[in-house]
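Input: a single structure, listed below in structure tokens.
The values are calculated or read from the model by the stated rules, or taken from the named source; none is laboratory data. Please read these numbers as outputs of a predicted model, since none were measured by experiment. Backbone-built Cβ (ideal geometry, glycine too); neighbour counts: all protein chains shown. With ligands, DNA and RNA removed, areas are computed over all heavy atoms of the protein, side chains included. Shrake-Rupley method; radii C 1.70, N 1.55, O 1.52, S 1.80 Å.
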Amino acid sequence: SGDENSASPTSLSLNIPEIFYKKSGVKFFDLAVGTGDSPVFGEVVLAHYVGSWILPTEADDVTPVNYEFGTVFDSTRKRNVPFEWTMGSNRVPSGVNEAVESMHEGGSRVAILPASMGFGKLRIGEVPKN
């Protein structure tokens with residue numbers, strides 16, 4: 001009979017999502033993969049978002065384990081009303097379209113956009129330019 005106080009190794013299964021990097025500099029990972037269709041160019045998309053800005057030096061710190069990061073500048077969750085736009089339109093920064101195009105309906109994704117794919121040289125509310 002073994003010692004009841006001794007620890008035995010256990011199998012630990014962590015579901016840490018894969019991080020995807022686009023050539024544009026957009027980085028994203030899924031918190032939950034949806035089961036529906038992916039949006040297509042020209043299709044109307046409804047999605048919730050929490051927009052926050054971070055310094056470029058902090059972009060590598062955003063990981064699937066540490067993603068609540070930065071200064072929140074807008075949130076449809078607070079208003080409880082999803083945002084609507086046409087996929088591929090300029091109603092959202094180009095990086096948003098790029099991050100959303102491979103999502104599946106019902107999913108949840110964290111996307112990190114470089115300034116050039118976000119608001120760039122524009123100052124939008126609390127979001128500084130570049």
Proximal charge balance of ASP37 [Cβ under 12 Å; K/R count +1, D/E count -1]: -3
For a quick check: with amide H placed at 1.01 Å from N, whose amide H comes under 5 Å from PHE73's, ignoring anything fewer than 5 positions away on the same chain? GLY51, SER52, TRP53
Accessible area of LEU31, 1.4 Å probe, to the nearest 10 Å²? 80
Multiply the residue gap between LYS129 and ILE19 by 0.36 nm, knock off their C-alpha separation, and tell me the result in nm, one decimal place. 37.0 nm
Run the reach check for LYS129 against aspartates and glutamates, Cα to Cα strictly under 18 Å, same-chain hits fewer than 8 apart removed. What comes back? GLU58, ASP74
Computed ³J(HN,Hα) along the range 80-88: with the Karplus parameters 6.51/-1.76/1.60, θ = phi - 60°, integer Hz and x for glycine or proline, the list is 6, 9, x, 8, 10, 8, 8, 4, x
Mean accessible area per residue over the range 44-130 (1.4 angstrom probe, all protein chains present, square angstrom) is 65
All aspartates and glutamates inside 13 Å of LYS22 as judged from Cα atoms, apart from same-chain residues fewer than 8 positions distant: GLU98, GLU101
